[in-house]
Amino acid sequence: MFFLPYKDDNPTRTFPLVNWVIIIANFWVFFALQFPLDGKQQMAYFSNFGFIPATFFGQFFYPSIKGIAWEWYSVITSMFSHGGLAHLFGNMLFLYLYGDNMEDALGKVRYLFFYVGCGLLAALAQAFLNPASQIPMVGASGAISGVIGGYLLLYPRANIRVFYWVFILIGTMMVPAYLVLGLWFLEQALLFPDSMKNAGGVAIAAHLGGFAGGFSLTPLLKKKEIKLFQGGYSRPFSRKSMRIR
C-alpha cells in the first residue's frame, strides 16, 4: 500500500514568494553545498551546520559572543540541510503543498518569522528532551510541522488530493485535511516513545514541537480577516481510479 498527498483544493490570493524562496534555498544548499561532499566531508558538514543539543546548551560556558551566536545560527543552518534526497524531496513536497496557503493567511513577513520560529521551537523541543545528545539534527521537517499545524487549524476541511496504490488498485482521492494531517499527527504521537529510545533516527519530538508551535502561533499571526476552521472547495472522497491488470 502506498499513499502520497500532492495537491489541495485551497486557492491562494497572492503568489507565495517567501515559500518558494525557502524551497529554492533548501534545494540550493543540498545540491550546491552538500551533494559534492564525500562521506567524511558530509559528517564534518553536519557537525558544523547541524543543530547539536549538547553544544547548544554548552554555549553558556563559551568565552566569546561569537561562539554563542554560532549555536543560535546553527538552528537556521540545520533547517536548510538534509540527510539525503528522499529527506529533501519529502520535506519540500509538504512545504509546497501547505506553505502557500499559510503565507497567504499570515502575510509574507509574518510567514517568514512563523516558519523560522516553528523551526526554533522544534529544535528546542528535541534538545530539552535529550540535552546531552551529540548527534547533529538536520532537516526542515520541524518548521514544516509548524506549517502543518497552522494549516490544520485554518483549513481542516480543505481537501487534499492523495495518490494511492493498494494492491491492484491505483488512483487519486480527495481527502479532508483533518484526516490527512490528523493521521500524520497521530503517527508522530505513536512513534514518539520509541523515538526517545533510539540515539539517532527521526526527531519525532521536533515534529511535535514544531506542530505545537504552529498551532499556537497561527491565531496570533494570521491576518484579521482570515477565519479559523475554514471549509473546502471540492467534494470530499471523490476519486479517480483504475485497476492494474
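Things worth noting here:
- The chain - Rg and Dmax from Cα coordinates, angstrom: 18.8, 68
- Positive dipole terminus of segment 128-245, leading residue within ALA203, PHE185, GLN134 (C-beta point charges): PHE185
- Exposure proxy for HIS87, HIS207: other Cβ atoms within 10 Å of each Cβ, ordered fewest to most, give HIS87, HIS207.
- Inter-part distance where segment 75-98 and segment 26-54 are each reduced to a Cα centre, Å: 13
- Nonlocal Lys pairs with alpha-carbon distance under 15 Å, the chain (8 or more apart, or different chains): 4
- Residue-averaged [θ]222 nm for the chain, counting only DSSP H segments that reach four residues, each worth -39500 (n - 2.57): -18500 deg cm²/dmol
- Relative to the Cα centre, the charge distribution of segment 1-109, modelled as +1 at Lys and Arg Cβ and -1 at Asp and Glu Cβ, gives a dipole magnitude of about 260 debye.
- FRET efficiency for the TYR73 to PHE2 pair, using the beta carbon distance and R₀ = 35 Å, is estimated at 0.35.
- Taking the Cα centre of the chain as origin and assigning +1 to Lys and Arg Cβ atoms and -1 to Asp and Glu Cβ atoms, the resulting dipole is close to 740 debye.
- The residues THR12, THR172, THR218, when put in order of fewest to most other Cβ atoms within 10 Å, stand as THR12, THR172, THR218.
- Karplus (6.51, -1.76, 1.60) ³J(HN,Hα), θ = phi - 60°, over segment 86-101, in Hz, Gly and Pro reported as x: 4, 4, 5, 5, x, 5, 5, 4, 5, 5, 4, 6, 10, x, 5, 5
- Additional length obtainable on full extension of the chain from VAL166 to TYR96, 0.36 nm per residue less Cα span: 22.7 nm
Laboratory data are not the source of any read-out in this text; all were calculated from the coordinates shown. Keep in mind it's a predicted model, so treat the numbers as computed, not measured. Every residue, glycine as well, gets a Cβ built from its backbone with ideal geometry; the counts of neighbours run over all protein chains shown.
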